[in-house]
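Read the structure below first, then the notes.
The values are calculated or read from the model by the stated rules, or taken from the named source; none is laboratory data. Everything numeric here is computed off the predicted structure, so don't read it as measured data. When we count neighbours, we look across all protein chains shown, and the Cβ atoms used for this are built from the backbone with ideal geometry, even at glycine. SASA here: full protein model, heavy atoms, side chains in, ligands and nucleic acids out. Shrake-Rupley method; radii C 1.70, N 1.55, O 1.52, S 1.80 Å.
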Amino acid sequence: MDKEILEYRISSEAEEGQRIDKYLAEKLSEWSRSAIQKNIKEGNVTVNGKSVKTGYKTCQKDVIQVCIPPLSEPDIIAENIPLDILYEDEDIIVINKPKQMVVHPAPGHYTGTVVNALMYHCKDSLSGINGVMRPGIVHRIDQDTTGAIVACKNDIAHRIIAQQLKEHSITRTYHAIVLHNLTEPQGTIEGSIGRHPVDRKKMAINVPNGKPAVTHYQVLDPLNHQLNYIACHLETGRTHQIRVHMSSIGHPVLGDTVYGPAKLSKNICPWNLTGQTLHAKTLGLIHPTRNQYIEFDAPLPQYFVKILTDLQQ
């Protein structure tokens, strides 16, 4: 496969004086900052025909070229894992991810992931932009969060949907059960989210270098007033956003031992939960080739339905 060359030109004062890795992170939203830095160090990024370092500052009239190396074959096993498919065509596939299923391979989880299942189901029809470990993956949800996730079957679809994610134009509504009674029927939580300064496995609100985050919530059913059933609409899409935001106002998601209590009494939680009670219910986007808005609804998982049924009796 031939190398792909992407070209960018610095044509405005607003784009001058930026670190090249930061500039490209804005342009290549589907790439991580570390992946961009790695490509700069490997000489896959040139400015005016010359290799640069990651700290290079952009200048007026710079011509930046990014060489995307040919994809290598992933060392990931295609596995015949059943998928709950909500929609599929030649460009995208939307699935309802079950609980405890990791989206893409990572240390400790090289099999049984969404990617392993997609590679079996889609064969060679998956985008390659996110690298050999994440074919088709344009966004993700946590291992213990269930619900709708879209994967891309080609690079054009991937870039278009990645841009929608970057612009926060994709509709994403989650359903959750949270602790304690919400006295207001709806509200908005604003607070930047970034890596926790001490525990690097966690995210935190209002930390230095955090990114703006906005969550709108609405009470769907007050249940027993110790637990409330809510819908959360994401205006932005930060890592662990709902879990961090709801915890920040004193209403952590039921079962979330990272941002909520490590243990709950049987009076409050008689169910044997694995992780947070959080479900990606609605996903809406502009189709990458038909240019029409399409929306998908992922049915609640059975464990979630049982909790609601028990509390609504």
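With both bridge residues required to lie in the chain, what share of the DSSP beta bridges run antiparallel, to the nearest 5%?
Taking every DSSP beta bridge within the chain, about 95 percent pair in antiparallel fashion.
If one computes P(r) from the Cα atoms of region 240-313, what percent of pairs lie at distances over 17 Å?
58 percent
Work out from phi, with θ = phi - 60° and the Karplus expression 6.51 cos²θ - 1.76 cosθ + 1.60, the ³J(HN,Hα) of each residue of region 110-116, listed in order in whole Hz, and give x for Gly and Pro.
Per-residue couplings from phi come out as 9, 9, x, 8, 4, 4, 4 Hz.
Keeping to pairs on different chains or 8 or more places apart, tell me how many lysine pairs in region 1-119 have Cα atoms under 14 Å apart.
6
Let me know the number of lysine pairs in region 132-275 closer than 23 Å at the Cα, not counting same-chain pairs under 8 apart.
Pairs that pass both the separation and distance tests number 7.
Using modelled backbone amide H atoms (1.01 Å from N, in-plane), which distant-in-sequence or interchain residues come within less than 5 Å of E4's amide H?
Sorted by chain and number, the residues that satisfy this are I68.
Net charge near K97, counting Lys/Arg +1 and Asp/Glu -1 over other residues with Cβ under 10 Å of its Cβ? Walk me through the numbers on the way to the answer.
Details: positive: K99, R140; negative: D84, D142.
For residues surrounding K97, the net value is 0.
Report, in deg cm²/dmol and to the nearest 500, the calculated mean residue ellipticity at 222 nm for the chain, where each DSSP H run with n ≥ 4 adds -39500 (n - 2.57) and the sum is divided by the residue count.
So the calculated ellipticity at 222 nm is -5000 deg cm²/dmol.
Measure off, as a whole percent, the carbon and sulfur share of the 1.4 Å-probe accessible area of the chain, all protein chains present. Display every interim value, and only then the final one.
Values: 7830 of 15960 Å².
Looking at the chain in its full context, I get 49 percent from C and S.
Residue-wise, which Karplus ³J(HN,Hα) couplings in Hz belong to region 275-288, taking 6.51 cos²θ - 1.76 cosθ + 1.60, θ = phi - 60°, and x for glycine or proline?
3J(HN,Hα) across region 275-288, in whole Hz: x, 5, 8, 9, 9, 6, 7, 10, 10, x, 8, 7, 4, x.
Using a 10 angstrom Cβ neighbour count of at most 13 plus a DSSP loop assignment to flag exposed GluC sites (Glu not before Pro), which longest range of the chain is free of such sites?
Free of exposed loop sites, the longest segment is 168-313.
Compute the accessible area per residue over the chain, keeping the other protein chains in place, probe 1.4 Å, unit Å².
51 Å²
Over region 183-294, what is the mean sequence separation of C-alpha contacts under 8 Å (at least six apart), divided by residue count, expressed as relative contact order in percent? Don't skip to the answer; put the middle values down first.
Details: 165 pairs, mean separation 19.6, N = 112.
Dividing the mean separation by the residue count of region 183-294 yields 18 percent.
With contacts defined as alpha carbon pairs under 8 Å and 6 or more residues apart, what's the relative contact order of the chain in percent?
14 percent
Count neighbours as other Cβ atoms within 10 Å of each site's Cβ, and list the trypsin sites (Lys or Arg not before Pro) in region 182-247 that are DSSP loop with at most 11 such neighbours.
Those that pass, being in a loop and sparsely packed, are R200, K201.
In square nanometres, what is the average projected area of the Cα convex hull of the chain?
With every direction weighted equally, the projected area is 17.8 nm².
Beta carbons within 10 angstrom, averaged per residue: use that to sort the peptides 43-52, 137-146, highest first. Write down the numbers at each step before the final one.
Values: 43-52: 14.2, 137-146: 21.5.
Ranked from most to least packed, the peptides come out as 137-146, 43-52.
Once the mean 1/r over all distinct Cα pairs of region 9-102 is inverted, what Kirkwood radius in angstroms do you read off?
16.3 Å
Amide H to amide H, which residues 5 or more places from I92 or on other chains are under 5 Å from it, using H placed in the peptide plane?
Answer set, sorted by chain and number: K153.
How would M246, M203 rank on accessible area, largest to smallest, probe 1.4 Å?
Reading off the accessible areas and sorting them downward yields M203, M246.
Search the structure for amide H atoms under 5 Å from the amide H of V207, placed 1.01 Å from N in the peptide plane, and list their residues when 5 or more places away or on another chain.
Placed amide hydrogens put G194 under 5 Å from V207.
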